[in-house]
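The values are calculated or read from the model by the stated rules, or taken from the named source; none is laboratory data. None of these values were measured; they are calculated from a predicted model. All Cβ positions, glycine included, derive from the backbone under ideal geometry; neighbour counts span all protein chains shown.
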Amino acid sequence: MSHPSVYPVPASAAKRSLLTNEQYMQMYQQSVSAPDTFWAEHGKRLHWFTPFTKVKNTSFDSGKLNINWFSDGILNASYNCLDRHLPQRADQVAYFWEGDSPDAQKTVTYAELHQQVCKLANGMKELGVGKGDRVTIYLPMIPEATVALLACARIGAVHSVVFAGFSPDALGSRIVDCDSKLVITADQALRGSRVTNLKDNTDMALGHLGETSPVQNVIVVKHVGKNVDMQAGKDGRDVWYHDLLSRQSADCPAEPMSAEDPLFILYTSGSTGKPKGVLHTTGGYMVWASMTHQYVFDYHDGDVYWCAADIGWVTGHTYIVYGPLANGASSVLFEGVPNYPSVKRMAQIVDKYKVNILYTAPTAIRALMAHGDAPVEGAALTSLRTLGSVGEPINPEAWNWYHEKFGKGNCPIVDTWWQTETGGILITPLPGCTELKPGSATRPFFGVQPAIVDNDGKELSGACEGNLVIKDSWPGQMRSIYGDHDRFEQTYFSTYPGLYFTGDGAKRDADGYYWLTGRVDDVLNISGHRLGTAEIESCLVAHDAVAEAAVVGYPHDIKGQGIYVYVTPRVGIEPGAELTKALRDWVREEISPIATPDLIQWAPTGLPKTRSGKIMRRILRKIAANEHDQLGDISTLADPSVVETLVNNRLNRK
Ligand code: 6R9
């Protein structure tokens, strides 16, 4: 079936829209030509204990890198998400929690959330946690996760959420990197009926750290009800969440924070070395989170909103917690996965809570699409008005399926491009303003100045393709890499001096629409999750059987990218099915199930290298993609015969 390449704004979306296209254009112009005036106005969407008088104070210039927004304003993120709504929204639902099993559900009102946040905040104070201290959160998708983030924000502690799918070692290294005093976890997590032993993992992580562990206490939520080992007692390390809260007052004043005080750290993968602790501060981030949530989803008071991400990723931070709560929204919080107990689950949840706005990822859409009409059979889906996509480029087939099956052809899809580093959405359609082209993230949000540069850093004009950079600061931008400000400057501002480099490639068409083409560095995007090839490689070479390993991505129907691994065994090691399995399990356990290699090709005769010893990844990518007839110039290789062997034994032969 052929589909249009441009979709006009549906009349229904234009009618309810907060903005017309003309207004978008005008506001955009103002946001880039007079940023101080524009953001002084929109900064007022928050409650400031002391209003800011300064607005934008930023520079991307070499040697003068400086990013400050609203710097003399004083506010508190949790106050903005809770207290200021209480007069009108105390009994409004903040979260409709839907458990992993369709029978498990509960609602949390703004008043209840406020009360729990105050109690946990007081409990953390009792344990000696205060302003500026770091707290690691390792929780499933349960209301206590949102409570934990907000309780940290309330007392000015800096949260570092670690995705509950990460291994003990990944957890441990993140705890050490930011020197966390406290860990908040649960007995177990449930996803698609599969159990993860979060408390056991925490014990293992802290056990491995031994004397070097900075952690003084572990707060444990009893979620599934499993018996876990508690290092209890008077001076014990572990405390039950419910015990701690039962003795706290529900009165906890929100700590006055400077706009540039840290709000959170979130680790993300880069192209080299260990994960980076992306640091976000309070004022600019909160303005960005709330403003993008309102305009990008065309959010109106009373809408039911569902962002199906996990709180372990930035999408969960900004679009499950801070953005929607700052706007007083009612959100669905879902513990499980879209295909459990059946592929109808997502549509059933939409109908059950009459969801108006649904925000999910291409990988979830493709996984459902593989089942034809089954995921939406029997579902009404009439409540839906806006659909969103995030995490990776959405291919037009998946876009059209989502548009027709979930959106019934008249819900705009906002394909939102952004990154952990950007704090919130930067390039996106607005539902009532932007004509859509499937596969394009379309146009910049207010204040965002994207540009495309060639490999020498020369800015290209008109329709073009190259590297995506952002020319000036926006309020939600990350401020540093925790503990390594030089690496921040090096990673994002040195490739193209004076510009923020995204690491993504992009095209711009004649209408000025942006089309993201994927990472141009060694970062993989597996089902929307970022993983550095270097991280997986260093994990592989830590295995006894491995002499050398190279990891590349290859096109994968559902995951977007799959992980293709080339391994040279150590001398005397006989590779075989058993060892292949052992290596997969190794990576799975050392990093995370997300990082599990899809294909492992043994390369006993070695990897293709330049004469200076650099692995030629370009060639490995082509072989993995089954494009071995397009290897290009291989004359610079030290030993071209290596390539022939790899091509002959390649694993992806679709
Ligand atoms: C929010 C999030 C960031 C990377 C980013 C890009 C890819 C995200 C996208 C997209 C094309 C979109 N990405 N959204 N690519 N279209 N709509 O995913 O953050 O986990 O840090 O990943 O994801 O490659 O650079 P994060």
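For segment 259-278, filtering for residues that are surrounded by fewer than 18 Cβ atoms within 10 Å (Cβ to Cβ) and either of a type in the set (S, T, N, Q) or within 13 Å of the chain's Cα centre (by Cα) (or both) leaves 2. Looking across 438, 393, one residue alone is in a loop (DSSP other than H, G, I, E, B), within 16 Å of the ligand (Cβ to nearest atom) and at pLDDT below 95. It is 393.
For segment 518-533, the condition of being away from the ligand (no atom under 11 Å from the Cβ) and crowded, with 22+ Cβ neighbours inside 10 Å holds for at least one residue. Close Cβ contacts (under 7 Å, 6 or more residues apart or on different chains) running from residues in segment 23-34 that are more than 15 Å from residue 473 (Cβ to Cβ) to residues that are aromatic (Phe, Trp, Tyr) and in a helix (DSSP H, G or I) comprise 30/38.
Within segment 32-41, the set of residues being in a helix (DSSP H, G or I), of a type in the set (Gly, Ala, Ser) and surrounded by fewer than 14 Cβ atoms within 10 Å (Cβ to Cβ) comprises 33 only.
Residue by residue, here is whether (1) in a helix (DSSP H, G or I); (2) within 14 Å of the ligand (Cβ to nearest atom); (3) buried (at least 23 other Cβ atoms within 10 Å of the Cβ); (4) of a type outside the set (S, T, N, Q) holds:
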{"residue": "289", "(1), (2), (3), (4)": "yes, yes, yes, yes"}
{"residue": "292", "(1), (2), (3), (4)": "yes, yes, yes, no"}
{"residue": "325", "(1), (2), (3), (4)": "yes, no, yes, yes"}
{"residue": "351", "(1), (2), (3), (4)": "yes, no, no, yes"}
{"residue": "365", "(1), (2), (3), (4)": "yes, yes, yes, yes"}
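Of the candidates 363, 386, the single residue that is farther than 21 Å from residue 95 by Cα and polar (S, T, N, Q) is 363.
Among the residues of segment 403-435, those identified as surrounded by fewer than 19 Cβ atoms within 10 Å (Cβ to Cβ) and either closer than 20 Å to residue 4 by Cβ or more than 10 Å from the ligand (Cβ to nearest atom) (or both) are 404, 408, 409, 410, 435. Residues that are in contact with a strand residue (DSSP E or B) (Cβ under 6 Å, 6 or more places away or on another chain) and among the hydrophobic types (A, V, I, L, M, F, W, C) were ranked within segment 495-517; the one that is farthest from the ligand (Cβ to nearest atom) is 499. If I filter segment 376-390 for residues that are within 19 Å of residue 320 (Cβ to Cβ) and near the ligand (Cβ under 8 Å from one of its atoms), do I get at least one hit? Yes: one or more hits. Among the residues of this structure, residue 143 counts as one that is under 24 Å from the mean Cα position of the chain (by Cα) and surrounded by fewer than 24 Cβ atoms within 10 Å (Cβ to Cβ). The lone criterion from (1) among the charged types (D, E, K, R); (2) out of contact with any Gly (no Cβ under 9 Å at 6 or more places or on another chain); (3) over 30 Å from residue 399 (Cβ atoms) left unmet by residue 557 is number (3). Pairs meeting the criteria (first residue in segment 547-569 and within 15 Å of residue 608 (Cβ to Cβ), second residue crowded, with 23+ Cβ neighbours inside 10 Å and basic (Lys, Arg), beta carbons under 6 Å, at least 6 apart or on different chains) are lacking. For residue 447, state whether it is crowded, with 23+ Cβ neighbours inside 10 Å and closer than 16 Å to residue 499 by Cα. Considered against the rule, which asks whether it is crowded, with 23+ Cβ neighbours inside 10 Å and closer than 16 Å to residue 499 by Cα, residue 447 comes out as yes. Of all residues in segment 296-315, those that are over 15 Å from residue 94 (Cα atoms) and either of a type in the set (Gly, Ala, Ser) or within 16 Å of the ligand (Cβ to nearest atom) (or both) total 10. Of 615, 563, 600, all but one fail to be touching a Gly at 6+ places or on another chain (Cβ under 9 Å), of a type in the set (A, V, I, L, M) and within 16 Å of residue 541 (Cβ to Cβ); the exception is 563.
Identify all residues within segment 452-469 that are assigned to a strand (DSSP E or B) and surrounded by fewer than 22 Cβ atoms within 10 Å (Cβ to Cβ); write none if there are none. Matches in segment 452-469: 452, 453, 459, 464, 465, 466.
I need the full set of residues from segment 601-654 which are in a helix (DSSP H, G or I), farther than 16 Å from residue 555 by Cα and of a type in the set (A, V, I, L, M, F, W, C), in order please. Scanning segment 601-654 gives 642, 643, 646, 647.
Among the candidates 95, 110, the residue that is over 23 Å from the mean Cα position of the chain (by Cα), farther than 23 Å from residue 265 by Cα, of a type in the set (Ser, Thr, Tyr) and surrounded by 18 or more Cβ atoms within 10 Å (Cβ to Cβ) is uniquely 110. Reported count of residues in segment 42-72, each being small (Gly, Ala, Ser) and either over 29 Å from the mean Cα position of the chain (by Cα) or assigned to a helix (DSSP H, G or I) (or both), is 2.
Just one of the listed residues (575, 555) is in a loop (DSSP other than H, G, I, E, B) and not small (Gly, Ala, Ser), and it is 575. Taking segment 1-28 as the range and being under 22 Å from residue 68 (Cα atoms) and over 28 Å from the mean Cα position of the chain (by Cα) as the test, no residue passes. Listed by first and then second residue, the pairs linking a residue in segment 129-156 that is among the acidic types (Asp, Glu) to a residue that is modelled with pLDDT of 95 or more, with Cβ atoms under 6 Å apart and 6 or more places separating them unless they lie on different chains, are 133/157; 133/181; 144/221. No other residue among 548, 578, 574 is in contact with a strand residue (DSSP E or B) (Cβ under 9 Å, 6 or more places away or on another chain), surrounded by fewer than 18 Cβ atoms within 10 Å (Cβ to Cβ) and more than 30 Å from residue 394 (Cβ to Cβ) apart from 548. In the set (1) within 24 Å of residue 318 (Cβ to Cβ); (2) outside any strand (DSSP E or B), residue 29 fails one condition alone, (1). Segment 111-213 holds helices (runs of 4 or more DSSP H) entirely within its bounds, and those carrying 1 or more residues that are at pLDDT 95 or above, under 28 Å from residue 85 (Cα atoms) and in contact with a strand residue (DSSP E or B) (Cβ under 7 Å, 6 or more places away or on another chain) map to 143-155.
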